[in-house]
Amino acid sequence: MFAAAPEFHKARILVIGDVMLDRYWSGRAARISPEAPVPVVQVQGVEERIGGAGNVALNIAKLGGQVTLLGVIGDDADGEHLTGLLQTANVACDFVVAPALRTICKLRIMAQHQQLIRVDFEDLPLSFPQSALAAKLQQQLALHDVVVFSDYGKGTLAAVADYIIAAKQAGLKVLVDPKGTDYSRYAHADIITPNLAELQAVVGACSDEQALVEKGLAMIQQRQIDTLLLTRGEAGMSLIQAAQQHSIPAKAKDVFDVTGAGDTVIAVMALGVAMGMPLLDAMYLANLAGGIVVGKLGTSTVSVEELAVAMNGDHDMKYGVVSEDELANMVTSAKAYGERVIMTNGCFDLLHAGHVTYLQQARALGDRLIVAVNSDASVRQLKGKTRPINAVQQRMQVLAALACVDWVVEFTEETPERLYCKILPDVIVKGGDYRPDQVAGADCVVKAGGEVKILTFVDGVSTTAMINKAKGEL
């Protein structure tokens, strides 16, 4: 269980891609030039930051991860300065230095915290000995657990297909922040992290959520990529795999500047993967980190302290009766805290001592208990037209009042299989004489690393017996 942040210092990550220097000239613009209809900026400050793939590495280092950065720089002052900034930030640098090349530098002129213009200094496509970079990559692979390919389309990753194969053969997990529309270059990656606009440029416009999932799945299956992690701005993030699809809402309160947000997301995902975290938990942390960084100006990073504060704030969650989407988000949060989530289901028409004992025993198996309740229509399907005695909202309200129950959610199908497969609790609890393989949803949960527990009901106590007694039949 982690109440602050995972022990990211154990992660060993290799980042390779386009490195660049971000330079900011900041000041005030109080008048228009007499020479042309443009603002005149009186520069009052100069700041230089690490950009491109370097920002991915910097994010990893700021969160305590061990990181090495591979890339290409020129034999010039900007290259030396960029290397110095990285080394000061505990990023190990292993660069190809190309004498005829200019180190990529992006100059942004700012006034009143707004960007007026960006000026790029670069020689594209990058011309350097590809074999030298390939050799450095090969030397570094054995020293790391995860490799991130940060592609800004400048040319460092012209041979990325070969690099991915080398990384996979060395047994490393591969994450890619892609560029362009030819995703065949990223075949066999474990995770690819485009934003929504980038993905639609590849798969075409997606009119709704179903189209987005279908086209995303088709793309990763065609390219033999395991996971698509889609960043969707204000709509949050979606994780799409052949076996599962999950979405979580954005966590940003105020969006000030999206520069570098994608770098932060893939950096945190890489840390989570290197730590062996479940992908949904890593996505939750990456979403939090992305929400923090877009509230800052320019290329920025997230600190361990900021991430801890965001995690603690988010954990102040809603309890009681919730919707499916609310439940999915809160379960992701609970799991990110290392909490064990238990889930059971039933009609719970007339709550009795047997129910309460059963629910208390279920809650004792973990940290959070979810009770999924049959809708009125599904109760009638199971029990007959005279049931339920109490409407679903009343049944859920009574359950939510129990101290052992954290969340109560309605399901409308005859069985809760779809809901279990969406929520993926750590443990499904069922009462009676079932075998674990007979429990609805068990396959999904067990496949995701969960388990099924069968509990014994309290003898002589049942809703039917209560109804019969009330009718005077006992």
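Please treat every number below as a calculation from the coordinates, not as lab data. Note that this is a predicted model, so its numbers are computed, not measured. In this analysis, Cβ positions are derived from the backbone assuming ideal geometry, glycine residues included, and neighbour counts consider all displayed protein chains.
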Relative exposure of Asp367, Asp151, Asp120, Asp177, judged by other C-beta atoms within 10 Å (fewest first): Asp120, Asp367, Asp151, Asp177
Of all DSSP beta bridges in the chain, antiparallel share, percent nearest 5: 35 percent
³J(HN,Hα) computed for each position of the stretch 215-222 - Karplus, 6.51 cos²θ - 1.76 cosθ + 1.60, integer Hz, glycine/proline x: 6, x, 4, 4, 5, 5, 5, 5
Acute angle (nearest 10 degrees) that the helix 353-363 long axis makes with the longest principal axis of the chain, alpha-carbon atoms: 20 degrees
Per-residue ³J(HN,Hα) for the stretch 18-23, Karplus 6.51 cos²θ - 1.76 cosθ + 1.60, θ = phi - 60°, Hz, x for Gly and Pro: 7, 9, 7, 9, 9, 10
Under-5 Å amide H pairs with Leu116, H placed in peptide plane, nonlocal only: Ile109, Met110, Ala111
Tilt relative to the chain, helix 324-336 - C-alpha long axis, 0 to 90 degrees, to 10: 70 degrees
For the stretch 33-41, Karplus couplings with θ = phi - 60° (6.51, -1.76, 1.60), whole Hz, Gly/Pro x: 5, x, 7, 6, x, 10, x, 9, 9
Cα-based reach from Lys430 at 15 Å (exclusive), listing aspartates and glutamates while leaving out same-chain residues under 8 positions away: Glu417, Asp443, Glu451
Helix 279-293 axis, angle to the chain major axis (alpha carbon atoms, nearest 10°): 50 degrees
Packing-based exposure ordering (other Cβ within 10 Å, fewest first) of Glu209, Glu339: Glu209, Glu339
Sorted largest first, extent of the chain alpha carbons per principal axis (Å): 96, 55, 39
